[in-house]
Amino acid sequence: MQKKVIAIVSSLFLVSSLQLKAQYAKEDKPSWKTQFKYFITFGLYLFFSSIMVVGQEIKNPTSKILMVVSSYGKDAGKSRPGFVMDEFTQAYYIFIDNNISVVVASPKGGKVDADGYSPKKLYNKRFLEDKTALLLLENTLSTASLVDKNYDAVYVVGGKGAMFDLPVDPSLQEIISKIYKNKGVISSVCHGSAAFLNIKVDNEFIVKNKEITGFCNSEEEKFGEVWVKEFPYLLETKLIERGTLYKKGEDMLPFVITSGNFVTGQNPYSTTWVAEDIVKAIGIQPKSRVQYPDEKSMFLVKRFLNGEQKWAREELLKNNGKYDIKLIGMYGYYGLTYSKEDEQKLRVSLSIVDLVSDFFFNENIQMERAIAYNKLGAKDKAKELLEDLVKRNLLIEKAKSLLETMSK
């Protein structure tokens, strides 16, 4: 009730300040009274907003989780990398929907920048329509202001910005050390495990002899783009140097591991698994929910690669509308481009692309399929795909060149 009153008061001050700002703009020489009223009302709006965002309101919360994001980002990741919004929003709503109180922090506090993301994804859309939640990222609490607080768990959001500021934040190290000593849950996804690298308890790194995962070196090679060149180290390499029993699954497929009081996920597609395992670790049975299309798609690929090819084909025939077909196709495409001359990897990646070829078309993917079939000696299939590209008037020069080479 108190939070609702504060939200109403905050909204009233915001409306008043906007009205005064409009009046301010109309006057050639605004009177000192107009200026004074504007700055006072806007200041009061900011004050009540800051009260509102100390934490998300939860009725009778069962536990409290600290979510940590990087302060390093700038210009949606164009100037400096920040955090991954998908890794924040998916976990945030699993916590909130399970009646867990959430506090959001960053090394510097204040507004934080996420890397570019899709606002159309269901979890991001929900977040962007949630004014209270949005304010949490507009007004993150500084880690220095929270060292005396207690939490049941800490969840460190990934993103390449985490490699730059989180491992060297002494306040965050103190907070995580305290949770670790109190047997709380220490968790992260993707690059978030970088936050644990320099933390010691009793003169020993807390990750030593723990099974930990995080964004692996082969994922950096494929998806690291420009920022990996500026990293002080590769996460997988440094975790191993710290004595971690580093574990990983297939690139960009969900992989989560629990070791002691650590719950860590390898990449963005591990987020929901991590969040629900955190909920379980603090003694709550997660509520059932409908999987997101992209989440569901990566689980399907994982099952397909684990031998459930028949199930995957039948599932897509019946329920392809519930999946992100393009995402599955792009996963196979990246596999094809990085398979090089590895015949086994080539066959696996090709089988993933073929899985969705009846539901999705992309000329670049079709070209890679043709190249792969040609490498594997299936020249008739390769020819069929290339001739189809020529017929569609797509990538004509490359398709004709490959057809000519094959005919020799």
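The table that follows gives values for the structure above.
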{"read-out": "Neighbour net charge for residue 297 - beta-carbon separation under 13 angstrom, K R +1, D E -1", "value": "+2"}
{"read-out": "The stretch 288-365-the stretch 366-401 distance, computed between alpha-carbon centres (Å)", "value": "20"}
{"read-out": "Karplus (6.51, -1.76, 1.60) ³J(HN,Hα), θ = phi - 60°, over the stretch 280-295, in Hz, Gly and Pro reported as x", "value": "5, 5, 9, x, 10, 7, x, 5, 5, 8, 8, 5, 6, x, 5, 4"}
{"read-out": "With Cα atoms, 0 to 90° folded angle of helix 343-356 axis to the chain main axis", "value": "70"}
{"read-out": "Proximal aspartates and glutamates relative to residue 178, as straight alpha-carbon distance under 14 Å, when same-chain residues fewer than 8 apart are discounted", "value": "148, 152, 202"}
{"read-out": "Relative contact order computed over the stretch 63-281 (Cα-Cα under 8 Å; 6+ residues apart), in percent", "value": "21"}
{"read-out": "³J(HN,Hα), Karplus 6.51/-1.76/1.60, whole Hz, each residue of the stretch 203-216, x for Gly, Pro", "value": "6, 9, 4, 5, 8, 4, 6, 9, 7, 10, 10, x, 3, 8"}
{"read-out": "Max mean-square fluctuation residue, GNM over the chain, Cα-Cα springs under 10 Å, options 77, 161, 307", "value": "307"}
{"read-out": "Distant-in-sequence amide H partners of residue 189 (H built 1.01 Å from N, under 5 Å)", "value": "156, 158, 265"}
{"read-out": "Extended-chain gain in nm, criterion 0.36 nm per residue less alpha-carbon gap, residue 181 and residue 128", "value": "15.5 nm"}
{"read-out": "3J(HN,Hα) from dihedral phi, the stretch 382-396, Karplus parametrisation 6.51/-1.76/1.60, rounded to Hz, x for glycine, proline", "value": "4, 4, 4, 5, 5, 5, 5, 5, 4, 4, 7, 6, 10, 6, 4"}
{"read-out": "Residues residue 313 and residue 390, FRET efficiency given R0 of 25 Å [Cβ-Cβ distance, rounded to 0.05]", "value": "0.30"}
{"read-out": "Quarter of the Cα convex hull surface for the stretch 293-407, i.e. its orientation-mean projected area (nm²)", "value": "7.1"}
{"read-out": "Dipole in debye (nearest 20) - the chain, about Cα centre, beta carbon charges: Lys, Arg +1; Asp, Glu -1", "value": "880"}
{"read-out": "Interchain or long-range residues, amide H under 5 Å from residue 74's placed H", "value": "79, 80, 82"}
{"read-out": "Cut-off under 5 Å, modelled amide H: who pairs with residue 211 long-range", "value": "245"}
{"read-out": "Virtual spin-label span in nm between residue 290 and residue 305, 7 Å along Cα→Cβ", "value": "2.8"}
{"read-out": "Relative contact order, percent, the chain [alpha-carbon distance under 8 Å, six or more residues apart]", "value": "10"}
{"read-out": "For the chain, built as a Gaussian network whose Cα springs stay under 10 Å, the top-fluctuating residue of 266, 309, 173", "value": "309"}
{"read-out": "Choice from 233, 180, 151 showing the highest fluctuation, given a GNM over the chain with Cα pairs closer than 10 Å", "value": "233"}
{"read-out": "Modelled label reach - residue 398, point 7 Å along Cα→Cβ, the stretch 351-368 residues with backbone N closer than 11 Å", "value": "363-368"}
{"read-out": "Contact order relative to length of the stretch 293-407, as percent, for alpha carbon pairs under 8 angstrom and 6 or more apart", "value": "18"}
{"read-out": "Estimated FRET transfer efficiency when R0 is 45 angstrom, pair residue 380-residue 280 (beta carbons, to 0.05)", "value": "0.30"}
{"read-out": "Convex hull of the stretch 103-197 built on C-alpha atoms - directionally averaged projected area, nm²", "value": "6.2"}
{"read-out": "Sum of -39500 (n - 2.57) over DSSP H runs of 4+, divided by residues of the chain (222 nm, nearest 500)", "value": "-15500 deg cm²/dmol"}
{"read-out": "Among the listed pairs 78/247; 120/318; 64/183; 125/322; 108/229, those beyond 26 Å (Cα-Cα)", "value": "78/247"}
{"read-out": "Helix axis angle, 32-52 relative to the chain longest principal axis, alpha carbon, degrees", "value": "60"}
{"read-out": "Residues of type aspartates and glutamates that residue 248 reaches as a straight line, Cα spacing below 16 Å, ignoring anything fewer than 8 places off in the same chain", "value": "211, 219, 220, 221, 236"}
{"read-out": "Cα pair count fraction exceeding 33 Å, expressed as % - the chain", "value": "43"}
{"read-out": "Per principal axis, descending, Cα span of the stretch 136-285 in whole Å", "value": "40, 36, 33"}
{"read-out": "Crossing angle, helix 2-26 versus the chain [Cα axis fit, 0-90 degrees, rounded to tens]", "value": "90"}
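Each reported figure results from applying straightforward, stated rules to the coordinates on display, with no laboratory input. None of the values given here were measured: they were computed from a predicted structure. Glycine gets a Cβ as well: all are built from the backbone with ideal geometry, and neighbour counts include every protein chain shown.
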